[in-house]
């Protein structure tokens with residue numbers, strides 16, 4: 001079967017239009033939240049903690065803030081995008097349409113990743129109004145942005161298929177991803193932690209994602225950029241394999 005570009009575009013366009021229908025929730029609210037983070041963390045804590053690794057504290061937390069929004073929005077957009085057809089029963093129409101599993105994933109994950117990346121760039125522009133920013137490795141910054149947005153959109157897609165109710169849909173982002181993000185060096189360097197806690201932090205996969213993204217900005221990170229990139233790619237291919245298995249077995253798709 002040839003590539004169904006029209007089918008992919010139809011799903012992608014529908015999902016992108018949903019972001020415009022929920023403009024305040026999708027765009028404005030995260031930007032306001034980011035501004036509040038700068039007021040609380042950048043002003044209150046930044047007045048006492050001027051620099052970390054030679055970077056002003058207000059600027060240091062920008063990559064972490066972008067990642068925090070990227071994680072949550074990627075998961076939310078992708079999980080809700082595939083869960084809603086399951087909830088309404090239209091998933092059977094999609095599965096019976098002349099469109100392959102790869103094309104379905106490409107459309108839903110592509111739309112979720114696009115919305116997350118646009119939001120990340122908006123937050124970056126918002127942050128530039130508060131603190132002076134520099135991006136030492138712009139190509140790597142874009143590469144990490146695309147890769148992480150796509151990876152977490154795949155992760156959200158998995159959650160959307162797995163979830164059997166709206167409670168489960170929100171459980172993993174709220175109880176797992178958000179705490180790991182706050183404990184993953186979003187607002188501090190794990191080098192500031194005592195030895196045992198730094199060792200424990202290295203088992204947090206989010207540390208490697210945030211560290212690599214921060215390195216793209218300032219050339220500094222908690223772990224080497226090679227390890228960060230390898231960990232991110234490992235997470236990406238793991239999610240890709242799980243999605244492939246779900247479609248192959250029909251897990252919670254055809255029941």
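The values are calculated or read from the model by the stated rules, or taken from the named source; none is laboratory data. For clarity, every value in this text was computed on a predicted model and none was experimentally measured. Here Cβ is always computed from backbone atoms with ideal geometry, including for glycine, and neighbour counts include all displayed protein chains.
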*May I ask you to list the residues in the range 110-146 that are under 18 Å from residue 226 (Cα atoms) and crowded, with 19+ Cβ neighbours inside 10 Å?*
141, 144, 145
_Every pair of residues 6+ apart whose Cβ atoms lie under 7 Å, when the first sits in the range 215-236 and is more than 22 Å from residue 133 (Cα to Cα) while the second is surrounded by fewer than 21 Cβ atoms within 10 Å (Cβ to Cβ)_ = 231/205; 232/147; 235/205; 236/147
*For the range 206-214, indicate whether the set of residues that are farther than 24 Å from residue 59 by Cβ and touching a helix residue (DSSP H, G or I) at 6+ places or on another chain (Cβ under 8 Å) is non-empty.*
no
*Which condition number in (1) surrounded by fewer than 17 Cβ atoms within 10 Å (Cβ to Cβ); (2) touching a strand residue (DSSP E or B) at 6+ places or on another chain (Cβ under 8 Å); (3) touching a residue at least 60 places away in the same chain (Cβ under 8 Å) is the one that residue 3 fails?*
(2)
*Limited to the range 213-224, what total is found for residues that are under 20 Å from residue 152 (Cβ atoms) and at pLDDT below 95?*
3
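Okay, residues lined up against (1) at pLDDT below 90; (2) surrounded by 21 or more Cβ atoms within 10 Å (Cβ to Cβ):
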{"residue": "148", "(1), (2)": "no, yes"}
{"residue": "151", "(1), (2)": "no, yes"}
{"residue": "157", "(1), (2)": "no, yes"}
{"residue": "162", "(1), (2)": "no, no"}
{"residue": "168", "(1), (2)": "yes, no"}
{"residue": "171", "(1), (2)": "yes, no"}
{"residue": "174", "(1), (2)": "yes, no"}
{"residue": "184", "(1), (2)": "no, yes"}
{"residue": "189", "(1), (2)": "no, no"}
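Give the number of residues within the range 144-165 that are over 10 Å from the mean Cα position of the chain (by Cα), over 19 Å from residue 103 (Cβ atoms) and touching a residue at least 12 places away in the same chain (Cβ under 8 Å).
Matching residues across the range 144-165 total 5.
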*Please tell me if residue 10 is in a helix (DSSP H, G or I) and more than 23 Å from residue 147 (Cβ to Cβ).*
yes
*Could you give me the residue pairs with C-beta distances under 6 Å whose first residue belongs to the range 57-74 and is crowded, with 24+ Cβ neighbours inside 10 Å, whose second residue is modelled with pLDDT under 90 and not in a helix (DSSP H, G or I) wherever it lies, and which are 6+ apart or on separate chains?*
60/52; 61/187; 68/186
*Of (1) within 30 Å of residue 193 (Cβ to Cβ); (2) at pLDDT 80 or above; (3) out of contact with any helix residue (DSSP H, G or I) (no Cβ under 6 Å at 6 or more places or on another chain), residue 74 satisfies all except one. Which?*
(3)
*Can you spot a residue in the range 213-222 that is part of a helix (DSSP H, G or I) and in contact with a strand residue (DSSP E or B) (Cβ under 6 Å, 6 or more places away or on another chain)?*
yes
*Is it true that some residue in the range 132-148 is part of a loop (DSSP other than H, G, I, E, B) and closer than 30 Å to residue 83 by Cβ?*
no
*asked:* free of Cβ contacts under 8 Å to residues at least 12 places away in the same chain and either assigned to a helix (DSSP H, G or I) or more than 21 Å from the chain's Cα centre (by Cα) (or both): which single residue out of 34, 29 fits that description?
replied: 29
